[in-house]
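Asks: I'd like to ask you about the structure that follows.
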Amino acid sequence: MPKELDFENLSVCLDNYETDFLYIRLVGSMGGTVKVNENLENRTLDFKKVSSGLHLFIDSNEVFHFPLKDYQKGFSLAYERFFEDGRMHIPGGIADEPYNENLPEPSRSYLRTVLDNHLMEIFFKGRVNLKFHSWWNKPYWKYWVIDKPGNIQEAILKQQIEYIEE
């Protein structure tokens with residue numbers, strides 16, 4: 001997803017989809033120490049982005065602050081999918097289209113990024129819808145943005161039309 005739209009995408013997710021879990025840990029040589037590991041069922045996750053950085057709140061209580069001094073890449077969204085026989089779909093990355101009819105419907109979606117040497121993952125119940133935004137490297141890599149919940153078939157049709165037009 002385009003980095004310049006990160007906080008708009010985060011806002012659309014939090015305003016329109018049911019949060020499931022918040023996970024934040026150090027990355028790489030920093031040791032992987034878990035900083036936040038919170039079940040969000042029946043709780044509200046919110047954020048404020050101000051000059052001092054990104055502040056995360058659960059039920060109005062601040063749980064983490066990112067100063068945003070090391071913020072190199074934008075958010076990405078992935079899906080957790082299981083086939084009827086219980087096997088988990090292992091994403092193929094850029095080749096996977098979010099509305100591929102041959103893949104199972106997502107049981108969870110997760111928005112992830114690395115900020116200030118911390119991995120942050122926010123899990124949502126079910127599918128978080130995406131819509132095509134632009135090409136990053138045509139015809140291989142697309143930029144997507146978060147779309148509000150709605151008719152999945154409508155989103156699939158829009159994606160197919162936009163793909164053909166490009």
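Asks: Hey, can you rank 107-115, 8-16 by average C-beta count inside 10 Å, highest first?
Replies: Per-residue mean Cβ counts within 10 Å order the peptides as 107-115, 8-16.
Asks: Within segment 32-50, find all residues whose amide N lies under 18 Å from a label point positioned 7 Å from the Cα of Leu68 along Cα-to-beta-carbon.
Replies: Flagged as within label range: 46-50.
Asks: If packing is taken as the average count of other Cβ atoms within 10 Å, what order do 116-126, 66-76 fall into, highest mean first?
Replies: Ranked from most to least packed, the peptides come out as 116-126, 66-76.
Asks: Also: Cα gyration tensor of segment 1-122, axes a ≥ b ≥ c as square roots of the eigenvalues: rounded (a/c below 1.5), prolate (a/b > b/c) or oblate?
Replies: Judged from the Cα gyration tensor, segment 1-122 comes out prolate (a/c at least 1.5, a/b above b/c).
Asks: Which entries of Lys49/Lys148; Lys3/Lys49; Lys69/Lys131; Lys48/Lys148 show an alpha-carbon separation above 26 angstrom in the structure shown?
Replies: Cα-Cα > 26 Å for Lys69/Lys131; rest within.
Rule-based calculations on the coordinates, nothing more; no lab input. Small disclaimer: the values here were computed from a predicted structure and weren't measured. Because the Cβ atoms are built from the backbone with ideal geometry, glycine has one as well, and the counts that use them run over all protein chains shown.
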